[in-house]
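The values are calculated or read from the model by the stated rules, or taken from the named source; none is laboratory data. Quick caveat: nothing in here was measured; it's all calculated off a predicted structure. Note that each Cβ is placed from the backbone with ideal geometry, even for glycine, and that neighbours are counted across all protein chains shown. Heads up: the accessible areas ignore ligands, DNA and RNA and are worked out on the full protein's heavy atoms, side chains in. Shrake-Rupley method; radii C 1.70, N 1.55, O 1.52, S 1.80 Å.
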Amino acid sequence: MWKDYLAGYIKNNRASGVSVRIATVISALLLSLLCSLFYNLWIYEIERIKAEEGNWEARLTGAVFERELAVIKSQSNVEWAALNETLSGKDETTIDICLKNKRSIFTDMPQIAEQAGLDREAISYHASLLNMYLIRSPGDTALRWVFPFFLLVTAAACLSLILVIHNAFAVTMQSRIHQFGILASIGATPRQIRTGLLQEAALLCALPVVFGNLAGVLIAMGTINGMNLLTVDIKRRLVLPFLYHPMIFVLSLLAAVVTIWISAWVPAGKISRMTPLEAIKNTGDLHPGRKTHFCILSALFGVEGELAQTALKTQKKSLRTAFVSLVFAFLAFFLLMCFFTVTQVSQRETYFEKYQYAWDVMATVEDTRIDAFEQADAIKTIPGIKSSVVYQKAKAKRLVMPQELHARMQKIGGFQNASAEYVSAADGGWLVNAPLVILDDASFLEYLSQIGAQSDLYGAVIRNVTRDALDPNFRKRRTLPYLKGDGQTTVLRQAEGEDKTVEIPVLKWTDELPVLREEYGTLDFYELVHFISASCWKGIKNQIGGLEEDITIRILAEDRGSLDELDAIEHAVSQLLGNTYQIETENRIQDRIDNDKMMTGMKAVLSVFCILLAMIGIGNIFSNALGFVRQRKREFARLLSIGMTPAQMKKVFCLEALVIAGKPVLITAPLTAAAVFGFIKMSYLEPMLFIREIPFVPMLVFVLAVFGFVGLAYFLGARKVMRSDLADALRDDTVM
């Protein structure tokens with residue numbers, strides 16, 4: 001039967017095989033792409049964790065010296081062990097360890113610790129790195145999302161692809177039920193029919209599976225290299241080349257084979273269970289005479305519209321996957337474009353434009369105290385710098401008494417809406433956060449002159465502004481005076497540890513802030529920010545403490561619009577401080593360029609998935625358009641016999657393509673509009689800001705591309721029908 005029928009059918013009916021091959025290629029491509037991208041994401045996460053958190057899997061902390069370190073290195077499963085000089089001290093050392101067999105880490109490390117004379121409490125594990133090797137620490141309660149997310153996406157992709165390929169097989173097999181009935185009536189058993197159909201599926205899909213896998217690898221390679229190209233200039237970003245492992249090819253190939261086997265087994269099993277009489281009675285025609293209750297196309301386009309509407313209704317089940325995938329593809333792409341547009345507009349308004357006059361170059365000097373930093377004046381002499389401020393922050397608290405509250409503050413209820421995380425009752429008042437911003441002496445005196453305060457290095461300028469906690473608009477939240485501002489001194493307390501206090505003079509209560517790239521009162525509306533000089537900090541640091549580890553340097557350039565100028569200043573600052581301190585620098589213009597590149601890269605990657613989702617639907621449409629050729633031959637042969645012209649037949653095909661591609665757009669457009677309205681409302685963005693930058697062009701290109709491919713599918717199907725001998729289609733079935 002295989003030689004006389006199945007092989008002959010494949011040879012003489014290439015169009016029906018094309019639809020199966022297209023669906024197979026798309027499915028294998030998507031699975032290969034998913035596996036390849038995930039593998040690179042996995043490697044990237046491993047390298048990122050190593051770069052940011054350290055390349056170690058376990059640590060021993062305690063009295064470990066040369067002898068103990070030699071014992072650790074001599075253990076058979078230890079790949080390497082090294083002293084961590086940053087975390088080690090005089091009395092206690094820290095040893096970083098990596099093992100050859102990582103899966104035995106929780107059984108081997110206690111034994112290694114015992115050999116070194118340490119107990120189990122001296123062991124710490126790098127949970128985030130071990131999780132990337134699928135090794136879960138029993139005490140790790142953190143949510144690790146990479147592998148569960150990939151497995152969920154892969155399972156969902158396989159399920160959707162099973163539906164797609166199932167429909168492709170079902171379409172071709174359904175069109176031959178009448179023939180299978182004839183074969184069954186002359187002795188073919190259900191097992192023979194089912195086995196033959198599965199063999200046919202294997203022959204049709206063998207090469208497309210391999211081709212789809214290779215195409216998926218190439219697309220993944222292009223995606224990763226494109227991302228690296230877009231973000232190559234971004235600082236502090238780890239750039240990795242595209243990586244591939246032979247096991248990825250095996251796994252993606254296996255997933256594709258299983259998916260195709262399930263897809264072919266379901267319709268083959270269903271057809272093989274039909275009785276010969278049921279199969280012979282089934283002609284597989286589309287029954288165009290079936291009347292719908294209400295036909296919009298009929299009202300608009302006459303009899304051609306009614307025929308198109310009836311044909312679409314008949315194919316509704318087989319086109320279900322195409323409809324759903326196109327709806328989700330349009331919805332995902334539209335929401336993706338609109339979401340990134342809202343994000344970029346919001347970023348520009350709340351960050352890049354809001355602080356564009358506050359900084360040009362920022363430098364972070366690590367592990368340094370401002371009272372010991374002696375380069376503040378030297379920075380101001382760098383060519384191209386208009387002004388600079390060196391500052392550092394420290395934690396402190398302050399007691400606020402009821403009588404100090406401003407009348408407007410009392411009117412909104414005082415601290416009754418404050419979170420206990422930030423404000424607590426104490427000593428008849430409220431204990432609030434009072435962060436210190438410590439400026440270098442020259443910058444502090446310049447700030448005092450700017451706000452009209454008396455020049456004095458010993459004292460504080462207090463930001464006397466708070467926000468209305470009841471106002472939900474975080475973008476333009478209402479502000480109001482905080483305290484009465486009549487106090488001549490302020491009493492600061494330690495934020496943590498001993499309850500030490502220090503009293504310093506108040507030089508001015510103000511809402512005018514120094515020009516820094518800092519935000520105040522964003523999470524804690526009731527923080528009472530104090531600006532003090534480095535000299536003042538020297539006198540109170542022993543009582544307050546809480547100093548942050550790093551110094552920040554804010555620089556304004558003379559030529560603020562030149563990237564070359566800002567790069568030159570960055571380089572000069574690095575040259576001045578780099579030999580003495582560990583520093584990191586950034587500039588405003590490059591930050592914006594990097595941000596735009598990151599946004600573009602993210603949109604490109606996510607757009608690939610939207611395109612692949614659309615390809616699933618388009619593949620299903622090609623399957624139907626090419627797979628129903630035989631049925632459409634019979635249908636249009638009957639219509640020609642009663643007087644319909646070829647032009648009218650082409651119009652029917654055009655209307656079907658228009659409805660198939662247009663209906664998902666009509667459904668997703670209002671859903672997208674509602675979602676965008678929600679985005680804008682949640683972000684308190686002015687609607688006109690979004691409307692002026694609505695991503696109309698990429699969305700239109702995406703829509704036109706889908707319309708073009710759907711039109712191409714129906715063009716090929718219609719051409720096949722129109723070029724065939726329609727008179728032969730009215731004859732009785734034959735086995736071939």
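Quick notes on this one:
- Ile95 falls short on exactly one of the conditions (1) free of Cβ contacts under 8 Å to residues at least 40 places away in the same chain; (2) farther than 27 Å from Glu366 by Cβ, and that condition is (2).
- The listed residues are Gly222, Gly212, and the only one of them that is crowded, with 19+ Cβ neighbours inside 10 Å, at pLDDT 70 or above and more than 30 Å from Asn587 (Cβ to Cβ) turns out to be Gly212.
- Residues that are modelled with pLDDT under 90, surrounded by fewer than 13 Cβ atoms within 10 Å (Cβ to Cβ) and over 38 Å from the mean Cα position of the chain (by Cα) do occur in segment 41-63, at least one of them.
- The set of residues in segment 456-478 being surrounded by fewer than 16 Cβ atoms within 10 Å (Cβ to Cβ) and either touching a His at 6+ places or on another chain (Cβ under 7 Å) or at pLDDT 90 or above (or both) consists of Asp456, Tyr458.
- The C-beta contact set for segment 103-129 (first residue under 22 Å from Arg67 (Cβ atoms) and in contact (Cβ under 8 Å) with a residue 24 or more places away in the chain, second residue open to solvent by less than 70 Å² (accessible area, probe 1.4 Å) and of a type in the set (Asp, Glu), distance under 6 angstrom, 6+ apart or interchain) comprises Ala116/Glu68.
- Hits in segment 420-439 (condition: open to solvent by 10 Å² or more (accessible area, probe 1.4 Å) and under 16 Å from Lys393 (Cα atoms)): Asn433, Pro435
- Test for Ala311: is it of a type in the set (Gly, Ala, Ser), within 30 Å of Ile642 (Cα to Cα), open to solvent by less than 20 Å² (accessible area, probe 1.4 Å) and modelled with pLDDT under 80: yes
- Pairs are defined by a Cβ separation below 8 Å, a sequence spacing of at least 6 or placement on different chains, a first member in segment 486-501 that is on the phi > 0 side of the Ramachandran plot, and a second member that is part of a loop (DSSP other than H, G, I, E, B) and small (Gly, Ala, Ser); the pairs so defined are Gly497/Gly545.
- Considering segment 291-400, the qualifying strands (runs of 3 or more DSSP E), each wholly inside and each with 1 or more residues that are aromatic (Phe, Trp, Tyr), run over 385-394.
- Residue match in segment 442-455 (condition: over 44 Å from the mean Cα position of the chain (by Cα), under 19 Å from Lys538 (Cβ atoms) and surrounded by fewer than 16 Cβ atoms within 10 Å (Cβ to Cβ)): yes
- Checking each residue in segment 531-585 for being under 26 Å from Leu445 (Cα atoms), acidic (Asp, Glu) and touching a Lys or Arg at 6+ places or on another chain (Cβ under 8 Å) picks out Glu548, Glu558.
- Count of residues meeting criterion [open to solvent by 50 Å² or more (accessible area, probe 1.4 Å), more than 23 Å from Arg348 (Cα to Cα) and in a helix (DSSP H, G or I)] in segment 562-620: 8
- Note on segment 537-552: residues that are under 18 Å from Val502 (Cβ atoms) and either of a type outside the set (Gly, Ala, Ser) or crowded, with 19+ Cβ neighbours inside 10 Å (or both) total 8.
- Candidates are the residues of segment 649-688 that are surrounded by 15 or more Cβ atoms within 10 Å (Cβ to Cβ) and modelled with pLDDT under 80; the one that is nearest to Leu300 (Cα to Cα) is Met649.
- Lone qualifier among Glu584, Glu518, Glu527, Glu548 - being over 30 Å from Val432 (Cβ atoms) and in contact with a strand residue (DSSP E or B) (Cβ under 9 Å, 6 or more places away or on another chain): Glu584
- Helices (runs of 4 or more DSSP H) enclosed by segment 67-184 - at least 3 residues per element that are crowded, with 19+ Cβ neighbours inside 10 Å and modelled with pLDDT under 80: 146-174
- Subset of segment 408-418 that is among the small types (Gly, Ala, Ser) and either part of a strand (DSSP E or B) or free of Cβ contacts under 8 Å to residues at least 24 places away in the same chain (or both) - its residue that is most open to solvent (accessible area, probe 1.4 Å): Gly413
- Answer from Leu556, Leu528 - the residue that is in contact with a Phe, Trp or Tyr (Cβ under 8 Å, 6 or more places away or on another chain), assigned to a loop (DSSP other than H, G, I, E, B) and not hydroxyl-bearing (Ser, Thr, Tyr): Leu528
- Complete set of residues in segment 657-692 that are hydroxyl-bearing (Ser, Thr, Tyr) and under 30 Å from Tyr714 (Cβ atoms): Thr668, Thr672
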